[in-house]
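Some notes on the structure that comes next.
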Amino acid sequence: MASPTSTSTTLIHVKKESAVLDSHGLPPREPRDESGKERQKNFRELSTEQKLLAIVRYSVKPFSDRLDPFAALPVNLDRLQEHLISFYLLYYPKATYGFSPRLRPHPVASNFSIALTTPACFQVILARSALYRIGLNKYASDSEKDQLNMAVMRHKGEALKMLRVLSAKAAPNRKDDLLASIISLGTFDRRNGAKDAAGMHYSAVRRILKSTGGPLAVNSVLLSRVMCFFECIYGTSPESYIWDESGLDRLVNGLNGFLGDIWELWKSLSTISGLTAQTTKAPGPPRIHSFGLQPDSSLLALVERQPPSDAELTQQRRLEMIFQVTCLLTFGMITLDKAGDFRSLQQYMDGIHKQVEDLHLMGQSCNNIMWQIQVNDHSADHSRRIWRAASYAWVLKHVSYDVQLKVKEWLLAFFQGEPVAEKPFRLDPFHFSYAS
């Protein structure tokens, strides 16, 4: 057996020659990165339309490696889908709803987290994002527009296919997934203008809820909160995936009873205030309580804000009225529930004031504080409050803006500790007869 050290080695002489490279065969040299000043100068030279397009395209850069590092999404993402998800999470919330990015948890992120475990909802999100991109007219070419149109049809079709499979194999433990999927398709069709299709989906949701115990029987707290919130913010018309006209009379009676309870508490507080009042030099009548909306607070500014009297009554202003009234109705239910412990009530309201200040919500849409009120308390009692408030807000979608304004001003007078109203506000048939 030969020793390892005895292995022979043959040396081969290699002739060194100069290699001639053809410059035409090389890839083009990468352009030199622009400096910050050069980029700013170039951006300033763009037209307004080009600037908007640049901002939108920059905001939808793909980031699926950060979004889905473990490949846990319900689909394998291609480049277009990366853009759609990025657009949905980064640009869509502010542009569509006016949501503050400081909200924690965020309503759009919460909806997206539901979609991560509900494939049909995920497909609807992709379709919705593509549809909104088309609506903005901010695509770079006709080819990109065609891709977006194809994405809308493809992802909606996938969602419908998944929904059929889910409904065919319906099981009690999949009820939440089924509800979320149908609601997603219904709200997509409603935003897309397909009212008949949206009505069909909404009717299916109402039938499921009626047969399974109503919205309070939804198993997932997060889904319950998201359902309640988006029910409140989707439009000013009475279209709903929770209630229909068959329950309107019952809810009107419930709203009138609630306003009567507020008035009774208001009278009691006024009597107590009169018996314990001390001489004060402050101008105007004294506040009859201190637990409500603090004067000069950001929260009060949000819920009492009004457009100028001569301003056009736009859809957004009508929506803002619904948000404000929903918040005030929820505050009213919190007040009635905690009326036996004013210290606890004061702490609760102080906490809401602090949230508004910490999140810097001053001057933004009231839907931000409505979300915070609904989502930050997961108790069963609070679930009943927010669903009752949402149902009464739905009733008020049947009446005119002027009637909504009167309800809002009546509730504001109570929460600001003003002298008690002469009588409780009551909705009567003529309020609905003249609804606009």
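Computed from the coordinates by the stated procedures, all read-outs in this text should not be read as laboratory data. Values in this document were obtained by computation on a predicted structure and should not be read as measured data. Cβ placement follows ideal geometry from the backbone for every residue including glycine, while neighbour counts extend to all protein chains displayed.
A few remarks follow.
- You can think of it this way: the chain between residue 195 and residue 311 has 38.8 nm of extra reach, that is 0.36 nm per residue less the Cα-Cα gap.
- Taking label points 7 Å from Cα along the Cα-to-Cβ direction, residue 147 and residue 171 give a separation of 3.9 nm.
- Here the simple spin-label model places points 7 Å from the Cα toward Cβ, and for residue 336 and residue 237 these points are separated by 3.1 nm.
- Here the stretch 92-205 is treated with +1 on each Lys and Arg Cβ and -1 on each Asp and Glu Cβ, and its dipole about the Cα centre works out to around 240 debye.
- Point-to-point label distance, residue 79-residue 301, nm (Cα→Cβ direction, 7 Å offset): 4.6 nm
- Table column - 3J(HN,Hα) (Hz), the stretch 196-205, Karplus curve with 6.51, -1.76, 1.60, x for Gly and Pro: 5, 5, 4, x, 5, 5, 4, 4, 5, 5
- Summary of packing: across the peptides 139-147, 306-314, 96-104, 327-335, the per-residue average of other C-beta atoms within 10 Å ranks them, highest first, as 327-335, 96-104, 139-147, 306-314.
- Pairs from 354/397; 161/195; 169/210; 210/267 whose Cα-Cα separation, in the structure shown, is over 28 Å: 354/397; 210/267
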